Amino acid sequence: FSSRLFSSFPQTKTYFPHFDLSQGSAQLHGHGSKVLGAIGEAVKNIDNITGALATLSELHAYILRVDPVNFKLLSHCILCSVAAHFPNDFTPEVHAAWDKFLSQISSVLTEKYR
């Protein structure tokens, strides 16, 4: 999904000037692993996603200064990737559940901007 993000929304590349953004690069893979790790933490802490992702939220708001709209773009790319890899399982209900969950994560990650 990181490759999809950078190819679909090239403006997001500005946050990764030091990355090799070619498909399959170790840095892209590493970023994807970090994103999936954060999603995993949110799943494990479904009743306290805010607490589980507080450090990540602060990092993106105060240090990296990522434009909050990028979380929505990344969520879209994750949804597309899940749908592409699991087409038979990606029912409207699954789509709605993933969308709601990723929206909640995005909301948590943008809390520090308010």
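Each value in this text was obtained by applying a stated rule to the coordinates, not by laboratory testing. Computed from a predicted structure; not experimentally measured. Backbone-built Cβ (ideal geometry, glycine too); neighbour counts: all protein chains shown.
Things to note:
- Look at the dipole of the chain built from charges on Cβ: of Ala61, Asn45, Phe90, the Cα furthest out on the positive end belongs to Ala61.
- Shape class for segment 41-89: oblate, because the ratio a/c of the largest to smallest gyration tensor axis (alpha-carbon atoms, square roots of eigenvalues) is 1.5 or more and b/c is at least a/b.
- Separation in nanometres of the label points that stand 7 Å from Cα toward Cβ, at Tyr62 and Asp47: 2.8
- Across the chain, Cα pairs under 8 Å and at least six residues apart give a relative contact order of 31 percent.
- Karplus (6.51, -1.76, 1.60) ³J(HN,Hα), θ = phi - 60°, over segment 18-29, in Hz, Gly and Pro reported as x: 8, 8, 7, 8, 6, 4, x, 5, 4, 5, 5, 4
- Three semi-axes describe the equivalent ellipsoid of segment 20-114; taken as square roots of 5 times the Cα gyration tensor eigenvalues and ordered largest first, they are 22, 18, 12 Å.
- Only helices enter the 222 nm calculation for the chain: every DSSP H run of n ≥ 4 contributes -39,500 (n - 2.57), and dividing by all residues gives -19000 deg cm²/dmol, rounded to 500.
- Summed side-chain charge close to Ile49 - residues other than Ile49 whose Cβ falls under 11 Å, Lys, Arg +1, Asp, Glu -1: -2
- Using the Cβ of Ser7 as centre and a radius below 15 Å, the other residues enclosed give a net charge of +1, where K and R count +1 and D and E count -1.
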